[in-house]
1. Residue pairs, Cβ under 7 Å, 6 or more apart or interchain, first in the range 34-49 and modelled with pLDDT of 90 or more, second in a loop (DSSP other than H, G, I, E, B). List them.
2. Restricting the range 14-33 to residues that are surrounded by 14 or more Cβ atoms within 10 Å (Cβ to Cβ) and modelled with pLDDT of 80 or more, which is farthest from Ala67 (Cα to Cα)?
3. Residue check: is Asp58 at pLDDT below 90, of a type in the set (Asp, Glu) and over 10 Å from the mean Cα position of the chain (by Cα)?
4. Taking the range 1-15 on its own, how many of its residues are in contact (Cβ under 8 Å) with a residue 12 or more places away in the chain and assigned to a helix (DSSP H, G or I)?
Amino acid sequence: MFNLFSDTHGDLGKLFGIRRRWFFWLPSVKRATFVFDKEGVCQGAFSHEFNVTRHTQDTLGVLKKLAT
């Protein structure tokens with residue numbers, strides 16, 4: 001089982017450096033996924049804003065490795 005977190009107040013975005021100022025049509029938060037293992041160690045960090053397929057594949061790859 002994996003826990004998902006939503007950064008509704010932007011605290012984690014600031015901490016991990018994924019906040020930005022509004023730039024034309026881009027949102028203020030970058031698409032980013034961080035995968036942590038049971039010990040709290042970051043095993044993957046992905047920020048493929050314009051390539052959703054690659055973002056999903058990379059994230060799932062790390063999750064599958066951690067699940068075994």
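The values are calculated or read from the model by the stated rules, or taken from the named source; none is laboratory data. This structure is a prediction, so every number in the text was calculated from the model and none was measured. Cβ sites come from the backbone with ideal geometry, for glycine too, and all protein chains shown count toward neighbours.
1. Going by the 7 Å Cβ cut-off, the qualifying pairs are Gln43/Asp37.
2. Looking at residues that are surrounded by 14 or more Cβ atoms within 10 Å (Cβ to Cβ) and modelled with pLDDT of 80 or more, I get Phe16.
3. no
4. Going through the range 1-15 one residue at a time, the tally reaches 1.
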